[in-house]
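Worksheet for the structure shown next.
The values are calculated or read from the model by the stated rules, or taken from the named source; none is laboratory data. These figures come from a predicted structure and were not determined experimentally. Methodologically, a virtual Cβ is constructed for each residue, glycine included, from the backbone with ideal geometry; neighbour enumeration extends over all protein chains shown. Areas reflect the complete protein model, heavy atoms only, side chains present, ligands, DNA and RNA absent. Shrake-Rupley method; radii C 1.70, N 1.55, O 1.52, S 1.80 Å.
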Amino acid sequence: MNDWHSWAAIVVFVGAYALIISEKIHRVAVALGGAGLMLAIGATDDISAFYSEDSGIDWNVIFLLMGMMMIVGVLKKTGMFEYLAILAVKRAQAKPFRVMAMLIIITAVASALLDNVTTVLLVAPVTLLVCERLALPAAPFLIAEVLASNIGGTATLVGDPPNIIIASRAGLTFNDFLVHLAPLAAVLVVVLLLLCRVMFRRYFVYDEDRAAEIMALEEREAIRDPRLMVQGLIVLALVVAGFVLHPVLHYAPSIVALLGAGLLVAVAALETHDVLAEVEWPTLAFFAGLFIMIGGLIDTGVVSEISRQLADAIGGNQLGGSMTLVGGSAVLSGIVDNIPYVATMAPITSDLVRDMGGSSDHVLWWALALGADLGGNATAIGASANVVVLGIAERNRQPISFWQFTKYGLIVTAVTVALSLGYVWLRYFALF
């Protein structure tokens, strides 16, 4: 990391990050401009940026998002989200905190079974309609959901993309994640509910007149195209089954999502132009630029140097290493997207495990997963789900600023990571 490319890459990334935080220039323009500068200074090249699995654009994420956005766009046309919004509000008796609690729990559970990006794509439209019906600001509800999605996604192998990388490298199974991480994730969801009750308390304004109007609605009348809704739900069920059966089918999530989107467009005889118009193209462009910028840091050795420094600090101390991995990963995953961070850190963690003689309880892997997954909540660009929700909010004229998200995300991250440190110490060391 001694050549000028490394330092130039750091300057470009830090500068881009500062502009994203300041919001003086739109984050998509900043990401694409930063990506262009990384290519211009030679921090990365076209081969690495567009074809490398380790340091380029993660096309699996891009096409997963594209496929699911198309499916969600079709379902939106049916009135299904209005139906679910009215149903949810009626079940919660139009009480704002009850609505938020219901959405948090649904999002956390769905994120464990699917993945957090897919979940927020499905839940966000319902949330926007709920808030419109109750005349409430959407931002607190959307922020709470994305925080819940990252916490719920921690519980399983398929819940968060970093977990898939970790499972592949460490040879972990779906049940391993359930046994080691799901109990903690369940506790953290309860903690999130308590935190949201405090953080967003001034937004829980109950309007009796609006509540009465909604309670009088018949949710079934919201369905505009029952046939298309049934077709969409069948395709969505097949896509979900494809995600869950990944260990058996070995189809990447992006392939499953694109096959589902193509099948739905074909069987429903929809206009391709109308379906593609529902895709959040600015969000996909932002991801592409962000991946290339991070790829510049990877290709110039900046990320690996940070990871090596972290590994040197750990040494042969398993307890200290576990604590450092949780805390260090949380900090770094809040700065760079947790997917490329874990992709870089996984081989280093594997070396650490080997140097320590192997560990039957895989504690270092669980530490990495917890730090990366929960640290993704820290900032607006810490995890893919965060970026997706910000894009949806902006498109629906309910923009969420970087700091509006981050001021709540930092609180939740600090509390959940602190509890995770205690969990790792208690389960893997104190009870020996």
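Please give the solvent-accessible surface of residue 427 in Å², to the nearest 10, using a probe radius of 1.4 Å with every protein chain present.
Approximately 80 Å² for this residue.
Counting only helical runs of four or more DSSP H residues, what would the 222 nm mean residue ellipticity of the chain come to if each run contributes -39,500 (n - 2.57) and the total is spread over all its residues? Don't jump to the answer; show the numbers that get you there.
Numbers: 23 runs with 326 residues, N = 432.
Only helices count here, giving -24500 deg cm²/dmol.
Quick one: putting +1 on the C-beta of Lys and Arg, -1 on the C-beta of Asp and Glu, what dipole do you get for the chain around its Cα centre, in Debye to the nearest 20?
So the dipole magnitude of the chain works out to roughly 1160 debye.
Where the only charges are on Cβ atoms (+1 Lys, Arg; -1 Asp, Glu), what is the dipole of the stretch 132-212 about its Cα centre, to the nearest 20 debye?
Here the size comes out at about 200 debye.
³J(HN,Hα) across the stretch 162-176 via Karplus (A = 6.51, B = -1.76, C = 1.60, θ = phi - 60°), whole Hz, x for Gly/Pro?
x, 5, 5, 5, 5, 4, 5, 6, 9, x, 8, 9, 4, 5, 4
Once you put a point 7 Å from the Cα of residue 201 and another 7 Å from the Cα of residue 4, both along the Cβ direction, what distance in nm separates them?
Spacing of the two 7 Å Cα→Cβ label points: 5.7 nm.
Kindly identify the stretch 134-237 as rounded, prolate or oblate by the Cα gyration tensor criterion: order the square roots of the eigenvalues as a ≥ b ≥ c, call it rounded if a/c is under 1.5, otherwise compare a/b with b/c, prolate if a/b is larger, else oblate.
In terms of gyration-tensor shape, oblate.
Which one of 184, 277, 376 is farthest out on the positive end of the charge dipole of the chain, using unit charges on Cβ (Lys, Arg +1; Asp, Glu -1) and the Cα centre as origin?
The residue sitting most towards the positive pole is 184.
Assuming R0 = 45 Å, can you tell me the calculated FRET efficiency for the pair residue 356 and residue 90, based on Cβ-Cβ distance, to the nearest 0.05? Walk me through the numbers before you get to the answer.
Details: r = 54 Å, r/R0 = 1.21.
Taking R0 as 45 Å, the efficiency between residue 356 and residue 90 is 0.25.
Quick one: helix 96-113 against the long Cα principal axis of the chain, what's the angle to the nearest 10°, folded into 0 to 90?
Relative to the chain, helix 96-113 is tipped by roughly 50 degrees.
Explain nothing, just the number: relative contact order of the chain, from Cα pairs under 8 Å at least 6 residues apart, as a whole percent.
25 percent
How high is the relative contact order of the stretch 300-432? Use alpha-carbon pairs under 8 Å, at least six apart in sequence, and give a whole percent. Provide the component values of the computation, followed by the final result.
On the way: 163 pairs, mean separation 38.9, N = 133.
Worked out over the stretch 300-432, it gives 29 percent.
Enter the Cα centre distance for the pair the stretch 10-80 and the stretch 105-135, rounded to the nearest angstrom.
Each part reduced to its Cα centre gives a spacing of 23 Å.
Assuming a ≥ b ≥ c are the square roots of the Cα gyration tensor eigenvalues, decide whether the chain counts as rounded (a/c under 1.5), prolate (otherwise, with a/b larger than b/c) or oblate.
Prolate, since a/c reaches 1.5 and a/b exceeds b/c.
For the stretch 198-352, what is the accessible area per residue in Å² when the probe is 1.4 Å?
Per residue, the stretch 198-352 has an accessible area of 47 Å².
Set Lys and Arg Cβ to +1 and Asp and Glu Cβ to -1, take the dipole of the chain about its Cα centre, and tell me which of 259, 88, 52 lies farthest positive.
88
For the chain, with all protein chains present and a 1.4 Å probe, just round the carbon and sulfur fraction of the accessible area to a whole percent.
Its accessible area is 64 percent carbon and sulfur atoms.
Relative contact order of the stretch 1-102: what whole-number percent is it, with Cα pairs under 8 angstrom and at least 6 residues apart?
15 percent
What nm value, rounded to one decimal, do you get for the distance between residue 179 and residue 46 when each label is placed 7 Å out toward the C-beta?
Label-label distance for residue 179 and residue 46, simple model: 5.0 nm.
Could you run the Karplus curve 6.51 cos²θ - 1.76 cosθ + 1.60 with θ = phi - 60° over the stretch 227-237 and give me ³J(HN,Hα) per residue in whole Hz, x for Gly and Pro?
Coupling constants for the stretch 227-237: 5, 5, 5, 5, 4, x, 5, 5, 5, 4, 4 Hz.
Once the Cα atoms of helix 363-375 and of the chain are each reduced to a long axis, what angle between those two axes, in degrees from 0 to 90 to the nearest 10, is obtained?
50 degrees
Once the Cα atoms of helix 318-335 and of the chain are each reduced to a long axis, what angle between those two axes, in degrees from 0 to 90 to the nearest 10, is obtained?
50 degrees
Taking the alpha-carbon distance from residue 24 and a cut-off under 23 Å, which lysines remain once sequence neighbours fewer than 8 residues away in the same chain are dropped?
Within reach: 407.
Any chance you could run the full-extension gain for residue 168 through residue 23? It's 0.36 nm times the residue separation minus the Cα-Cα distance, nm to one decimal.
48.5 nm
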